[in-house]
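**Q** This is the structure I have questions about; it appears just below.
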Amino acid sequence: MNTLSGKHILLGVTGGIAAYKSAELVRRLREQGAEVRVVMTAAAREFITPLTLQALSGQPVHSDLLDPRAEAAMGHIELARWADVLLVAPATADFIARLVQGRADDLLAAVCLACEASLAVAPAMNRAMWQQPATQDNLETLRARRVHVLGPATGSQACGETGPGRMLEPEELARQLDGLFQGGALAGRRVLVSAGPTREAIDPVRYISNRSSGKMGYAVARAAAEAGARVTLVTGPVALALPEQVNGIQVETAEQMHAAVMEHIADTDIFIAAAAVTDYRPQSVAGQKIKKSTAGMTLALESNPDILATVAALPEPPFTLGFAAETDSLEANARNKLRAKSLDMIAANVVGPGQGFEVDDNALQVFWDGGERQLGRTRKTRLARQLVALLAERYQAKYNTDSVIKLHAKDSA
Ligand code: C5P
């Protein structure tokens, strides 16, 4: 699958002749559905104009560390947080050396230092500069720090020489970047995800529901598919497109969701219950619209099945991950649910005005028997990938499978 779609790619451009290829790279990344922002060094601006990269990325190009206007709009920390991956292409010998030193004396260096997402460099330089022990030592240091070094290619160079040091072609860089997201941590696993709210009819026009947008569940389904799982998503009514390569089953009520989950559970290795299931439903559904009355109205409710608890209580349950949306006492409530429902893991978050439901950001505290991990506030899409990486780790710990490769090592930190 194309994993670049919807990804935030921060492209750093440094001052080498290969900078002209960055324009084509931006175009290719955007063709694949990625959002691209560009940070240029002063030297890069001597080779290609910011206007070109601005036009192709559709975003203002960032260059200045100490420009108060630029910092007020999107400063180095915001840029670093925005990125799902930071690719420096071309990366000159000088920039690579500065990266090794951890400098922060221009915008791009500062963003690289502040960025917790994966970092990749595409070296581009004369072959003699590439072959220097100083450069090779620097690259070794970066690799040891889990920086992805993409290329270089060997061939004719702008300086007239032939040898290693050419920046990889934009198409190849886009392909390798895509590969960085194809982790395979859940390769071959069958994952069932419940997402969204459920709706419980009162009469033909009214229902009881909740504020769940389904964004977190959809993001988790997508992240699991990216990690190589075969994913089925049982979803309540939401306004979201089904992620690529995910088998979707639309339901409306909790009972329908329960039935759909139970139908697929025997073929499931991991069940992720992200749905906000409506806890109660009206005891009876009126056949006709209930007429308004000044006398008020009382609605008799009955409990819906607890889908997650039912799954976890099966004789041979899959690995279970539940969610706990809490307004208070996050850890105590989450740990209670972990125990009471016999789950393998629970991801807890605070909900309230502007937090948890409906919004694009979230933070999670994940608990399991004997451990916990804090996943800091970030976009739900990124958080979902961190959660899936952690889930893969815990799944491996439980079943001791060796097929789990650590995905997005930095993302899961
Ligand atoms: O007990 P509580 O509703 O807070 O538990 C939340 C977790 O249980 C979520 O993972 C949710 O998807 C799941 N759940 C369920 N069926 C219900 C209620 C909650 O699967 N009826």
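The values are calculated or read from the model by the stated rules, or taken from the named source; none is laboratory data. For clarity, every value in this text was computed on a predicted model and none was experimentally measured. Virtual Cβ from ideal backbone geometry, glycine too; neighbours counted across all protein chains shown. Just so you know, the surface numbers come from the protein's heavy atoms only, side chains and all, with ligands and any DNA or RNA stripped out. Shrake-Rupley method; radii C 1.70, N 1.55, O 1.52, S 1.80 Å.
**Q** Which whole-number value in Å³ per residue fits the convex hull of the alpha carbons of segment 9-64?
**A** 60 Å³
**Q** Same structure again: Along the principal axes of its C-alpha atoms, what lengths does the chain span, in descending order and rounded to whole Å?
**A** 85, 51, 35
**Q** Evaluated at 10 °C with a viscosity of 1.306 mPa s, what Stokes-Einstein diffusion coefficient in µm²/s does segment 227-318 have when Rh comes from the Kirkwood expression over alpha-carbon pairs?
**A** 102 µm²/s
**Q** For the chain, with all protein chains present and a 1.4 Å probe, just round the carbon and sulfur fraction of the accessible area to a whole percent.
**A** Solvent-exposed carbon and sulfur of the chain make up 49 percent of the total.
**Q** Under a 1.4 Å probe, what is the accessible area of segment 1-122 per residue, stated in Å²?
**A** Value for segment 1-122: 40 Å² per residue.
**Q** So for each of 33-44, 274-285 I average, over its residues, the number of other beta carbons within 10 Å; can you give me the resulting order with the highest mean first?
**A** 33-44, 274-285
**Q** Another question about this same structure. Grab the Cα-Cα distance for Met262 and Ala104, subtract it from 0.36 nm times how many residues apart they are, and report the gain in nm with one decimal.
**A** Going from the current span to full extension adds 51.5 nm.
**Q** Once segment 72-172 is represented by equal point scatterers at the alpha-carbon sites, with solvent omitted, what log10 I(q)/I(0) does the Debye formula produce at q = 0.15, 0.19, 0.22 Å⁻¹?
**A** Per q value, in the given order, log10 I(q)/I(0) is -0.61, -0.91, -1.13.
**Q** Using alpha carbons only, how many degrees (0 to 90, rounded to 10) separate the axis of helix 170-181 from the longest principal axis of the chain?
**A** Its long axis makes an angle of about 40 degrees.
**Q** Follow-up question, since we're still on this one. I'd like to know which of Val205, Ala223, Met345 lies farthest towards the positive end of the charge dipole of segment 190-412, counting +1 on Cβ of Lys and Arg and -1 on Cβ of Asp and Glu.
**A** Selected residue: Val205.
**Q** Using only alpha carbon pairs under 8 Å that are at least six residues apart, calculate the relative contact order of the chain and give it in whole percent.
**A** With pairs under 8 Å counted, the relative contact order is 12 percent.
**Q** Assign one of three labels to segment 1-108, namely rounded, prolate or oblate, based on the Cα gyration tensor with a ≥ b ≥ c the square roots of its eigenvalues; rounded applies when a/c is under 1.5, prolate when it is not and a/b is larger than b/c, and oblate otherwise.
**A** Cα axes put segment 1-108 in the rounded bin.
**Q** Which of these, Gly322, Gly102, Gly16, has the largest mean-square fluctuation under a Gaussian network model of the chain (Cα springs below 10 Å)?
**A** Fluctuation is largest for Gly102.
**Q** I'd like the distance between the alpha-carbon centres of segment 203-257 and segment 26-75, rounded to an integer number of Å.
**A** Measuring centre to centre over Cα atoms gives 36 Å.
**Q** Quick one: angle between helix 215-226 and the longest Cα principal axis of the chain, in degrees between 0 and 90, rounded to 10, please.
**A** The answer is roughly 60 degrees.
**Q** Assigning unit charges at the beta carbon (Lys, Arg +1; Asp, Glu -1) and nothing else, what dipole magnitude in debye, to the nearest 20, does the chain show about its Cα centre?
**A** 320 debye
**Q** Mind checking the dipole of segment 68-119: about its Cα centre, +1 per Lys or Arg Cβ, -1 per Asp or Glu Cβ, Debye to the nearest 20?
**A** With only Lys, Arg, Asp and Glu charged at Cβ, the dipole is about 40 debye.
**Q** Over segment 190-412, what is the mean sequence separation of C-alpha contacts under 8 Å (at least six apart), divided by residue count, expressed as relative contact order in percent?
**A** In percent, rounded to a whole number, it is 19.
**Q** For the chain, what is the calculated [θ] at 222 nm in deg cm²/dmol (nearest 500), taking -39500 (n - 2.57) for each run of four or more DSSP H residues and dividing by its residue count?
**A** -10000 deg cm²/dmol
**Q** Compute log10 of I(q)/I(0) for segment 260-413 with the Debye formula, placing one identical point scatterer on every Cα and leaving out solvent, at q = 0.21 Å⁻¹, to two decimals.
**A** Listed by q, the Debye log ratios stand at -1.44.
**Q** Also, I was wondering about something else. With unit charges on the beta carbons (Lys and Arg positive, Asp and Glu negative) and the dipole taken about the Cα centre of the chain, which residue among Gly16, Ser156, Ala174 sits farthest to the positive side?
**A** Value computed over the given set: Ala174.
**Q** Quick one: accessible area per residue over segment 186-243, 1.4 Å probe, rounded to a whole number of Å²?
**A** In whole numbers, segment 186-243 has 34 Å² accessible per residue.
**Q** Then there's this: To check you understand DSSP bridge types, tell me what percent of the beta bridges within the chain (both residues inside) are antiparallel, rounded to 5.
**A** 30 percent
**Q** Semi-axes of segment 114-163's equivalent ellipsoid from the Cα gyration tensor, sqrt of 5 times each eigenvalue, largest first, rounded to whole Å?
**A** Over the Cα atoms of segment 114-163, the ellipsoid semi-axes are 24, 12, 8 Å.
**Q** Quote to one decimal, in nm, the extra length available between Glu161 and Ser209 on full extension: 0.36 nm per residue of separation minus the C-alpha distance between them.
**A** Extending this stretch completely gives an extra 10.5 nm.
**Q** Tell me the relative contact order for segment 116-255 as a rounded percent, counting alpha carbon contacts under 8 Å between residues six or more apart.
**A** Once normalised by length, the contact order is 19 percent.
**Q** When all alpha-carbon pairs of segment 8-180 are counted, what percent fall beyond 23 Å?
**A** That fraction is 33 percent.
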